[in-house]
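Report on the following structure.
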Amino acid sequence: MILDPQLARLAEWFAALQGRAGELLDQRLRGDCLGGLEQVALTLEQQMQPSGAPEEALVTLADDDNRHPLSRTRWRTVLEHEIRPSIHGARDTLTATAAAFEGGLAAAGLLTDLARTIAEEPELYFLDRAAEDSGVAAPTDPVQIAVPLRRWLDEVFAGPVRGLVEELTRRAAALARDAAAELERIETVLDYHLFIVEDSREAEARDESAHTGLSHAIRLVRALSERVARDVRRLFAWFISESSTRMDDALAPLRAHRPDELMQQLEARAARARPSWLRAQRDRARHGASALYTRAAPLVRELAQDVRRTFTGEGPRIGYWDLLIAGENHSGRLPAIYRRLFGEVPLGLSDLYQPRPSLEAPCRKVFQTWLDGQRTALLVTGDRGAGKRTLVNRVRAELHGELPVHWISMGPHLASEARLCAALCEATGAPYAASFAEFGRMLPLVGGRRVLILENAEQLFVRTPEGLARMQAFLDMVRVTDGAMLWIVLMAKPAATLLETCLRLPLYFGQVVEVPAETGRFIENVIRSRHRVSGFGLRFRERRTPALQRLRRPFTRADMLPDPGEEWFIDLERMCAGNLRQALDYWLLSARLDPKTEHDVLVRPLPRRRGTVLNDLSLPQRQVLVSLVQHGALTESQLQEIVRTSGGGIGPEIDDLRRRHLVDQGGPGGFLTLRPTAVGPVTHDLRWRSMI
């Protein structure tokens, strides 16, 4: 006979089991994971504390101390030695917690205790049948009925609770995985804000960028901690509610002394578990039809598409230009450290740089000629993304320390003559000059010889009379000052081609280096060398052979088909037209982390057609794109003056280009620029149409 105290002991054991589940969540998620996030937040808040007042000293690229408040690498050092170890520690804790829950290690004790307790219950128990409520019949002695208690508890209670524990571990693992992914995104935010400070010329600008990134990261970490704590509370409340319902369902017939109801439920469960012959045949037929459809449907659809394309001549709707210009965010498909390898080449990672002797030799010759005391200047031209900055950086690194080097990156904020002169005076220490001619007179007063690298010089030129006059004044200044300053000017090829016609640009420079489109072998070496540093494996997914070809040649040997890797790089050379930046973008677009191994990078084949994104553009729209390719950034009024359309102006054409994801607008002056991922396809298309 089951007594009420025995039921109470079973209920007490179950309450203790629920408490252990709560302790597991507290220890694994609230203790370890939230503790790691709190440590990250404290580390970030410590870096937000103001540092000592900077000394009145000029910190150059040749004399850079990581501890100096004006150091260009101070924030990067803080990120690498203080912030990143804390983030990686918290992320490793979250990943280990998720792995413990997914592998079943975390909840193994709960499941073992549940199975052992049910196994220790007696096989049979004699349960008194409750007396019927009748006032006519005389009271009789209670009737005892043997019920299979262990089977009842295993089917009605242990099975569902086991499923609840497994669902609890699955949700806890997903919670930890999501938190780790969010922490990786926060690290990417810090990388962006604390690495771009090297491009800032002013200490205030560097500190402002770093503090903006730190503040944003602190808010994200605090919000992540609150979200994890809230999700843990909800998860535990869900488990308590669902498991308590299962316990009440199992004990209800026992407490009410209704053995007949208990036996009926067990018989119904046994009947449902025993399928009939007709149901078995029906299920077998349904499964067979489903398997046949699963195998045949893709082949039929592919065969129909091949037949339609054979008769209509149409190709895939999505082309490689469509995918690149769309610029979808695939940040979750590759680790952040892997994506950084395919950005700009750091000077310290010499393994990532592929030598270009035919381009490096003229640059070194210019440096040596100028160091020998002769007047000269260097003009480096090439399409955007061809590697002009990397080339000059490489040559500059070889001569680092021998002479002061100043780097000015042109942008819309420096497009006017007065602002560029102010930046030149600040970089060289010359007295303030309002024009190029005045700066040419002031520079000899400074004394010493120095190197100045001017990047994106095409933004100084606008295809108007005023723009041509401004560019002519700049070239005259270069000619006057090339004895005291070695000018290295980086300019996009479309603008250089136009200025060669208008102002005879090469005559003002002792050496002109044109960075050409690279070969497919060179691009393959660049990509493979960067991937090799990552430590990941590499696999290329084979391109699926069309169904018609497989039907026509069913006995074609696999070793006669092209190698997937060789085929991918052959297609890449044709798609990117030798542009390095565009090739790296295509690689990041195609690469995925293999979900099966998690230590290999899987590269998918790309479409073979360009797509339709640059089709159906009007002539004014193509003229707008030509202007942006040649000049970099322009306002709507400047574009209106250059294009000179009739009717309602150039505004509707620009709006349509923005909807097509070809043009972006931003900044204080509302400058229009080509979208970074659209620069390569637009330049290639306009050059094919002989418009640049």
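Quick note: the coordinates plus some simple rules give every number you see, no bench work behind them. Keep in mind the model is a prediction, meaning the values are calculated, not measured. In this analysis, Cβ positions are derived from the backbone assuming ideal geometry, glycine residues included, and neighbour counts consider all displayed protein chains.
Sorted from fewest to most neighbouring beta carbons within 10 Å, what does the list Lys365, Lys596 look like? Walk me through the numbers before you get to the answer.
On the way: Lys365 15, Lys596 7.
Sorted ascending by nearby Cβ count, the order is Lys596, Lys365.
What is the fewest-to-most order of Trp407, Trp13, Trp75 by other Cβ atoms lying within 10 Å of their Cβ? Write down the numbers at each step before the final one.
On the way: Trp407 18, Trp13 12, Trp75 27.
By the 10 Å Cβ count, ascending: Trp13, Trp407, Trp75.
Couplings 3J(HN,Hα) for region 16-23, derived from phi with the Karplus relation 6.51 cos²θ - 1.76 cosθ + 1.60 (θ = phi - 60°), are 5, 5, 5, x, 5, 4, x, 5 Hz, where x marks Gly and Pro.
Subtract the Cα-Cα distance of Leu124 and Arg592 from 0.36 nm times their separation in residues, and report this length gain in nm to one decimal.
162.8 nm
In plain terms, the residue of Asp616, Asp594 with the fewest other Cβ atoms within 10 Å comes first and the most crowded comes last, giving Asp616, Asp594. Of all lysines in the structure, not one lies under 26 Å Cα to Cα from Lys596 without also being fewer than 8 positions from it along the same chain. Gain on full extension, evaluated as 0.36 nm per residue between Arg659 and Glu102 minus their Cα-Cα distance, stands at 196.1 nm.
Figure legend: label point modelled 7 angstrom from the Cα of Glu208 along Cα→Cβ; residues of region 404-438 with amide N under 18 Å from it are 409-415, 419-420, 422-424, 426-427.
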